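Colleague: Just passing along the structure, written as structure tokens.
The values are calculated or read from the model by the stated rules, or taken from the named source; none is laboratory data. If you're wondering where the values come from, they're calculated on a predicted model, not measured in any experiment. Quick reminder, even Gly has a Cβ in these numbers, built from the backbone with ideal geometry, and neighbours come from all protein chains shown. Please note that ligands, DNA and RNA were not included when accessible areas were found on the heavy atoms of the full protein model with its side chains. Shrake-Rupley method; radii C 1.70, N 1.55, O 1.52, S 1.80 Å.
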Amino acid sequence: MRRPLVAGNWKMHGTRASVAELIEGLRHLQLPGDVEVVVFPSSLHVGQVVAGLESSVIAVGAQDCAVDPMPGALTGEVAASQLLDAGCALVLVGHSERRLILGESDAVVARKFAAAQACGLLPVLCLGETLAQREAGQTLEVVTRQLGGVLEELGIGAFVSAVVAYEPVWAIGTGLTASAQQAQEVHAAIRQQLAAENAEIACGVRILYGGSVKAVNAVELFGMPDIDGGLIGGASLNADEFGAICRAAGN
Ligand code: 13P
């Protein structure tokens, strides 16, 4: 039985003041006990959020980590070991904004995934196709290649402690959500690709859906057999909306 996970990716948003307000809202939420909840603030705000959510059930993660796990000479980057030290438990790797805007390759993403695990952080591996790729019928090919980048490099054993997030690029921040059926089809293909290596491990991996998830569409999405929760962008910046999405995962 996979425990649902709802994750809020705050992206490059927030000031100390707005983050304090969001923390206050999160602390007052009624959250379902059977759902794991995590927020991913900018690395600048990780310390503030870890302190603010102390004694709350909500975990904190980072949005990215360096390819090398340990501290060193790499200006501007943050090592997974530093994130762990700061109180993070998870880290996103391979978000489409980083792949597409910053040119992160599958190879770089695999190194970040390994760096996270080497430090005991749970990596959340993000996958997803662009609109052009979907329209060209390449969705499964793209997602298979992205997942394969980690699978071939690190092996199926790496997925015992990892989460996968399917986020179609065309659904991110656009208000366009993949239909529950469209999302389920890709989630099932992801699980099948993992199952071809080891069925038991594949069965235990949580696969989140992301892309314009709101309280109104969350119930249907989370009701699909291979959708184990969500990775929420815009809607996670509103504590009440985020709480409603968390409750939808518990239904
Ligand atoms: P939105 O929920 O704003 O579409 O963002 C999804 C996302 O990219 C989460 O990582």
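Colleague: Name the residues in the stretch 90-125 that are open to solvent by less than 10 Å² (accessible area, probe 1.4 Å), assigned to a loop (DSSP other than H, G, I, E, B) and under 15 Å from residue 145 (Cβ atoms), would you?
Modeller: 94
Colleague: Given the criteria open to solvent by less than 60 Å² (accessible area, probe 1.4 Å), charged (D, E, K, R) and without any contact (Cβ under 8 Å) to a residue 40 or more places away in the chain, does residue 206 qualify?
Modeller: no
Colleague: Considering each of 70, 12 in turn, give the residue that is within 16 Å of the ligand (Cβ to nearest atom) and open to solvent by 10 Å² or more (accessible area, probe 1.4 Å).
Modeller: Unique residue meeting the criteria: 12.
Colleague: Report yes if some residue within the stretch 17-26 is open to solvent by 80 Å² or more (accessible area, probe 1.4 Å) and among the small types (Gly, Ala, Ser); otherwise report no. Don't jump to the end; show me each part of the working.
Modeller: We begin by selecting, within the stretch 17-26, every residue open to solvent by 80 Å² or more (accessible area, probe 1.4 Å); these are 21, 24.
Restricting the remaining residues to those that are among the small types (Gly, Ala, Ser) gives none.
The answer is no, given that none of the residues of the stretch 17-26 is open to solvent by 80 Å² or more (accessible area, probe 1.4 Å) and among the small types (Gly, Ala, Ser).
Colleague: Can you go through 210, 234 and tell me which one is within 16 Å of the ligand (Cβ to nearest atom) and closer than 26 Å to residue 138 by Cβ? Spell out how you get there, then give the answer.
Modeller: Numbers: 234 fails: closer than 26 Å to residue 138 by Cβ.
Of the residues listed, the single one that is within 16 Å of the ligand (Cβ to nearest atom) and closer than 26 Å to residue 138 by Cβ is 210.
Colleague: Then there is this: Restricting to the stretch 45-89, what's the tally of residues that are in a loop (DSSP other than H, G, I, E, B) and over 20 Å from residue 19 (Cα atoms)?
Modeller: Residues of the stretch 45-89 in a loop (DSSP other than H, G, I, E, B): 53-58, 63-79, 86-89.
Next, only the ones that are over 20 Å from residue 19 (Cα atoms) stay: 65-79.
Qualifying residue count for the region: 15.
Colleague: So in the stretch 162-182, with the set limited to residues that are among the polar types (S, T, N, Q) and within 16 Å of the ligand (Cβ to nearest atom), which one is surrounded by the most Cβ atoms within 10 Å (Cβ to Cβ)? Give the steps one after another, and end with the answer.
Modeller: Keep residues of the stretch 162-182 that are among the polar types (S, T, N, Q), which gives 174, 177, 179, 181-182.
Applying the additional criterion that residues be within 16 Å of the ligand (Cβ to nearest atom) yields 174, 177, 179, 182.
Working: 174: 12, 177: 21, 179: 12, 182: 15.
So, considering only residues that are among the polar types (S, T, N, Q) and within 16 Å of the ligand (Cβ to nearest atom), the one surrounded by the most Cβ atoms within 10 Å (Cβ to Cβ) is 177.
Colleague: In addition: In the set 185, 197, which member is outside any helix (DSSP H, G or I), more than 16 Å from the ligand (Cβ to nearest atom) and modelled with pLDDT of 95 or more? It would help to see each step written out before you state the result.
Modeller: Details: 185 fails: outside any helix (DSSP H, G or I).
Answer to the selection: 197.
Colleague: Please determine, by comparing only the residues of the stretch 27-44 that are outside any helix (DSSP H, G or I) and aliphatic (A, V, I, L, M), which one is surrounded by the most Cβ atoms within 10 Å (Cβ to Cβ). Let's see the steps before the verdict.
Modeller: Initially, the stretch 27-44 is screened for residues outside any helix (DSSP H, G or I), giving 28-42.
Subset that is aliphatic (A, V, I, L, M): 29, 31, 35, 37-39.
Working: 29: 17, 31: 19, 35: 20, 37: 24, 38: 23, 39: 27.
Checking each candidate, the answer is 39.
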